[in-house]
Amino acid sequence: MDWANKLRVSCHALGIALLEAKLIDGNRSQEIQLLRVPREEKVDPELPDTLNANERRRKAHLLELGLSDAYVGLCFDALQAGGISIGRLCEALLTSGHRTAQLAALFGRSLHGHLIRRGST
């Protein structure tokens, strides 16, 4: 279970991968596949230890709203490519203009070159 958690894969996937790599036999693979990492021990890659308590709380709330790293990244990429406006970015990220810069910083992104006005949506 520890290795599955460190590798951020399920025990099921780990058991299959070890079998396919011929590192274990079929019986051991089945045993590993049946294991489960306890929920309280799972490492969430979206909430790394590098975040401070406030950042973790904010990011956890955003994840509950469906704003994952991948989704937020796509939104900022679309803005940078000129595919969406800053207003559309705010809508997509469920935030107002003045909070979008804070959100960008939380996700390690930049709004460089984009004007954000208070009250823009």
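Values in this text are rule-based calculations from the coordinates and carry no lab data. Just so you know, these numbers come straight off a predicted model, no measurement behind them. All Cβ positions, glycine included, derive from the backbone under ideal geometry; neighbour counts span all protein chains shown.
Inside the stretch 75-94, can you point out the residues that are closer than 17 Å to G108 by Cβ and either loosely packed, with under 14 Cβ neighbours inside 10 Å or of a type in the set (F, W, Y) (or both)? Scanning the stretch 75-94 gives F76, D77. If you go through the stretch 21-35 and keep only what is out of contact with any helix residue (DSSP H, G or I) (no Cβ under 6 Å at 6 or more places or on another chain) and not hydrophobic (A, V, I, L, M, F, W, C), you end up with K22, D25, G26, N27, R28, Q30, E31.
Can you tell which of E91, E55, E40 is under 21 Å from V9 (Cα atoms) and among the acidic types (D, E)? Every option except E40 fails the conditions.
If you take the residues in the stretch 32-70 that are of a type in the set (D, E) and not in a helix (DSSP H, G or I), which one is nearest to E91 (Cα to Cα)? Step through it out loud before you land on a result.
To start, the set of residues in the stretch 32-70 that are of a type in the set (D, E) comprises 40-41, 44, 46, 49, 55, 64, 69.
When the remaining residues are screened for being not in a helix (DSSP H, G or I), the result is 44, 46, 49.
Numbers: D44: 26, E46: 22, D49: 29 Å.
Taking the candidates together, the pick is E46.
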